1. Can we say S120 is of a type in the set (S, T, Y), closer than 27 Å to S253 by Cβ, surrounded by fewer than 18 Cβ atoms within 10 Å (Cβ to Cβ) and at pLDDT below 95?
2. Of the residues that sit in segment 196-215 and are among the β-branched types (V, I, T) and in a strand (DSSP E or B), which one is surrounded by the most Cβ atoms within 10 Å (Cβ to Cβ)?
3. Please determine whether any residue of segment 173-192 is touching a Lys or Arg at 6+ places or on another chain (Cβ under 8 Å), among the polar types (S, T, N, Q) and in a strand (DSSP E or B).
4. Residues being at pLDDT 95 or above, part of a loop (DSSP other than H, G, I, E, B) and either surrounded by 13 or more Cβ atoms within 10 Å (Cβ to Cβ) or under 22 Å from the mean Cα position of the chain (by Cα) (or both): count how many of those fall in segment 216-263.
5. For segment 145-177, how many residues are over 16 Å from T247 (Cβ atoms) and either among the aliphatic types (A, V, I, L, M) or without any contact (Cβ under 8 Å) to a residue 40 or more places away in the chain (or both)?
6. Any idea how many residues of segment 176-204 are in contact with a helix residue (DSSP H, G or I) (Cβ under 7 Å, 6 or more places away or on another chain) and either under 20 Å from G220 (Cβ atoms) or not hydroxyl-bearing (S, T, Y) (or both)?
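The values are calculated or read from the model by the stated rules, or taken from the named source; none is laboratory data. Since the model is a prediction, treat every value here as computed from it, not as a measurement. Note that we place each Cβ from the backbone using ideal geometry, even for glycine, and neighbour counts take in every protein chain shown.
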Amino acid sequence: MRARGRERVPVVVQSRGRRHTPARLLWTGAEAVVTCGVVLLLLVVHQLWWTNQEARAEAREQVRVLEREWDISPPVPPPVPSRDPSSVPPSVPPSVSPSVSSSLSPPAGGGESRPPSGPSSSAAFAVLRIPRLGLTAPVAHGVSKRSVLDRGYVGHYPGTAAPGRTGNFALAGHRNTHGEPFRYLNRLVKGDEISVRTRDATYTYRVDQILPRTAPRDIGVIRAVPRSLVKPSYGYEAPGAYLTLTTCTPEFSSAYRLVVWATLVPDR
């Protein structure tokens, strides 16, 4: 009788949230993915937008400073020769532009000049204008990313000629990010004019040839008489006053180089 009167008390065992563990893991994983996505988005915005804003602002300011200085202090005309030889100052070699003679050595063979040295190697010394592209950019010595190209400047290849001189005045610029001055270099066509202003003169070049793609190590394109080593059908055979513009191609890639050549237009 007593056994029949006993009641069994049900025992409840709690799972301690084990059934919710997969959901929590899924939620944590989703949060991590979203966080990574936001960080990557911010990095992309910084690289594609903010670096352009910073570099373009600095480049515009540099152009303004240069041209204001040139307008205030125009080139000094050469002194009238004196009968006393000791009073005649040494002249600048005719093959070197006075605006860059302080930082460029006299040209080596073929109208090329030796690499610049000293702290002025990244100082802007010219202003490049390409009307078709609406481009105005300062030109500085060297092609260092940190001190030249990433500042929105166009870089002057060491060892190449000074602007307006016999040889090859060779330049490089970013196509994407950091001001991307050469973003639309592929839009240039034969006959387009390009100007290079220095303290002493403005030189006009006319686009003559375009090499759509070549290897990054194709150094022939920036030689005194430029000719591609990869595609020899592109380039020149005789000495002249050339301008070379180089940038990466295709966009957002550094796999190849796009090259634009122009020749100096004689003074009208």
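1. So S120 does not fit the description; no.
2. If we take residues in segment 196-215 being among the β-branched types (V, I, T) and in a strand (DSSP E or B), then V196 is surrounded by the most Cβ atoms within 10 Å (Cβ to Cβ).
3. Taking every residue of segment 173-192 in turn, none turns out to be touching a Lys or Arg at 6+ places or on another chain (Cβ under 8 Å), among the polar types (S, T, N, Q) and in a strand (DSSP E or B).
4. The total comes to 17.
5. Adding up the residues that qualify gives 4.
6. Qualifying residue count for the region: 8.
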